[in-house]
């Protein structure tokens, strides 16, 4: 299946990107990057570096939106940046990187690329969104026709019943740019919402045994993966949220390929943008057995199977 | 030796007597009035399920019917702090009969309004008082704003309200809080500890016609009347919400069973904010639990109860104490 990956390229986004190389069914056409904490071009550079290390030479990489549509950018959790920037600095020092990475980075805007690709393959493109929805919202505003040619959008974001991770009721990606989320959720009627209700149940704890194949195939990527998971685990401990890392974004990727991993509830989803305590909340309105509900909200997950599929993909087995 | 009684004021938006209004306030009051543990200093009315004048008449008639005219009552408030809206106005469309209008006029001459009433009771109380609020929080909030010094005369506020699982009046809000969010915010931010029973727990025990069948065969006209009103309300609900089975919930009965009958509940410490802005979420309770509870959570949310025991004790208590009434 043809996939465009819209991401802020922080911790678990990178795990998802690495997994795309280990799932045969996925044809990754492009990666569009939101600029969290660093300019989007730098996040795009990191994506290009990962793809290069994975031996992927066909996927195009774009820098997307730099900050939310209306609001000031949020810093967010910086826990995973250390291993990621270490990887970036290492790659930058690697011979010839600057000439290689030019072949990945693209001068068109991310929104343009998404639109053109959807026009080229009408009804075939899946958008996987694991960051703030700013770039997608911009694409929709710039090219409204896009909503007719997209096949579906799988969003890691929001929460229905579970407590949020940036407020008691809001999840980070939606909270980071609620106006963008409101645009996406109100214009598109083919969304799968993979929110905290399921991602917080899909957990991993790092151990060398789990990543033996990856370590053998690609020590550099293995080092990056290990760094991301262990620093994320440390953040969880610090926040009193247990010792394991939730696989938010990898689960969203897996749902693209294996939708049967989650049980969904047909809903209409509205985004609160004006609340004093509720901004960024995904208000899910049950649509009963409605076949044409605009959003399928994941509410249960076979987490054991999800974790094993994640390990299979990342180890390229 | 007799156990020391708990001084209590109950604030209600009782709908019994005006069809299609929830009868759980009435059941809750009946439980309280039959509980020797409570020293009921008075019952006050507020607009919510029905307008406060209607609630006042309902309360008066109920007390008369069970021969408890010794209970002091206060009337009002009519309007929520944050103003009314079209849904409330529609709910409040009951009109009073001439007899009710006369009754109300008399009550308004001889009794105090709810806010003054509560303030008076607190002023004369020798020990801190429990306030049980089973309607919107307008009266309680106005007491707290007018006489913040009386906070120390309030031992605890026990209320039915809020939800973390959405609601019927909006997808995210429960009625009592939604009907006057500004009042709810004042109460939750007053510094007083609030023990609250949200929809999460009150809807965990569905009441069906079968649950209260007993009331129909005690030879008591009063219990038959309660049964009939409850069953009618269940059918009305199932039609309105498209639910297959006729059922209702004893929302307001839970806080009363807790304080008046010492029924055991499991609580979770938390903090609570009430959304008063919000284009979709006005009236929502934002409950911070676990990692979001903060350093010093002062409120307590009821999260669990033995369902069978709650149901059986409530139904039996009503049966035993009111079977002699006509």
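Candidates are the residues of segment B:262-288 that are free of Cβ contacts under 8 Å to residues at least 40 places away in the same chain, facing chain A (nearest Cβ under 7 Å) and crowded, with 17+ Cβ neighbours inside 10 Å; the one that is farthest from residue B:176 (Cα to Cα) is B:288.
Within segment A:167-203, the set of residues being within 15 Å of residue A:278 (Cβ to Cβ) and modelled with pLDDT under 95 is empty. Within segment A:185-220, the residues that satisfy the criterion of being under 13 Å from residue A:315 (Cβ atoms), out of contact with any strand residue (DSSP E or B) (no Cβ under 8 Å at 6 or more places or on another chain) and assigned to a helix (DSSP H, G or I) are A:208, A:209, A:211, A:212, A:213, A:214, A:215, A:216, A:217. If the condition is being closer than 20 Å to residue A:298 by Cα and in a strand (DSSP E or B), then segment A:110-149 contributes A:126, A:127, A:128, A:129.
Within the set A:275, A:288, A:280, the sole residue that is assigned to a loop (DSSP other than H, G, I, E, B), in contact with a helix residue (DSSP H, G or I) (Cβ under 7 Å, 6 or more places away or on another chain) and more than 26 Å from residue A:53 (Cα to Cα) turns out to be A:280.
Put simply, of B:155, B:168 the only residue that is surrounded by fewer than 21 Cβ atoms within 10 Å (Cβ to Cβ), at negative phi and modelled with pLDDT under 95 is B:168.
Just one residue in the set B:314, B:319, B:296 is more than 16 Å from residue B:204 (Cβ to Cβ), more than 13 Å from chain A (Cβ to nearest Cβ) and touching a helix residue (DSSP H, G or I) at 6+ places or on another chain (Cβ under 8 Å); that residue is B:319. Here's a check for you: in segment B:201-220, which residue that is touching a strand residue (DSSP E or B) at 6+ places or on another chain (Cβ under 9 Å) and part of a helix (DSSP H, G or I) is surrounded by the fewest Cβ atoms within 10 Å (Cβ to Cβ)? Going through the qualifying residues, I end up with B:202.
When A:268, A:305, A:263 are checked against the criterion of being within 14 Å of another protein chain (Cβ to nearest Cβ), modelled with pLDDT of 95 or more and surrounded by fewer than 19 Cβ atoms within 10 Å (Cβ to Cβ), a single residue qualifies: A:268.
Residue check, residue A:227 against (1) touching a strand residue (DSSP E or B) at 6+ places or on another chain (Cβ under 9 Å); (2) in contact (Cβ under 8 Å) with a residue 12 or more places away in the chain; (3) buried (at least 16 other Cβ atoms within 10 Å of the Cβ), all met but one. Which one? Answer for residue A:227: the failing condition is (1).
Yes/no matrix, rows are residues, columns are (1) within 20 Å of residue A:76 (Cα to Cα); (2) touching a helix residue (DSSP H, G or I) at 6+ places or on another chain (Cβ under 6 Å); (3) surrounded by fewer than 17 Cβ atoms within 10 Å (Cβ to Cβ):
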{"position": "A:118", "(1), (2), (3)": "no, yes, no"}
{"position": "A:126", "(1), (2), (3)": "no, yes, no"}
{"position": "A:130", "(1), (2), (3)": "yes, yes, no"}
{"position": "A:133", "(1), (2), (3)": "yes, yes, no"}
{"position": "A:138", "(1), (2), (3)": "no, yes, no"}
{"position": "A:141", "(1), (2), (3)": "no, no, yes"}
{"position": "A:147", "(1), (2), (3)": "no, yes, yes"}
{"position": "A:151", "(1), (2), (3)": "no, no, yes"}
{"position": "A:154", "(1), (2), (3)": "no, yes, no"}
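Consider segment A:221-244 and keep the residues that are within 14 Å of chain B (Cβ to nearest Cβ) and not in a loop (DSSP other than H, G, I, E, B). The one that is nearest to residue A:80 (Cα to Cα) is A:235. For segment A:280-295, the tally of residues that are more than 7 Å from chain B (Cβ to nearest Cβ), surrounded by 24 or more Cβ atoms within 10 Å (Cβ to Cβ) and within 18 Å of residue B:163 (Cα to Cα) stands at 2. Once segment B:171-200 is narrowed to residues that are within 13 Å of chain A (Cβ to nearest Cβ) and assigned to a loop (DSSP other than H, G, I, E, B), the residue that is surrounded by the most Cβ atoms within 10 Å (Cβ to Cβ) is B:172.
Evaluated against (1) out of contact with any helix residue (DSSP H, G or I) (no Cβ under 8 Å at 6 or more places or on another chain); (2) under 24 Å from residue A:273 (Cβ atoms); (3) touching a residue at least 40 places away in the same chain (Cβ under 8 Å), residue A:75 falls short on exactly one condition, (3). All conditions in (1) modelled with pLDDT of 95 or more; (2) within 14 Å of chain B (Cβ to nearest Cβ); (3) not in a strand (DSSP E or B) hold for residue A:249, with the sole exception of (2).
The values are calculated or read from the model by the stated rules, or taken from the named source; none is laboratory data. All values derive from a computational prediction rather than experimental measurement. With ideal geometry, Cβ positions are generated from the backbone for all residues, glycine too; neighbour counts draw on all protein chains shown.
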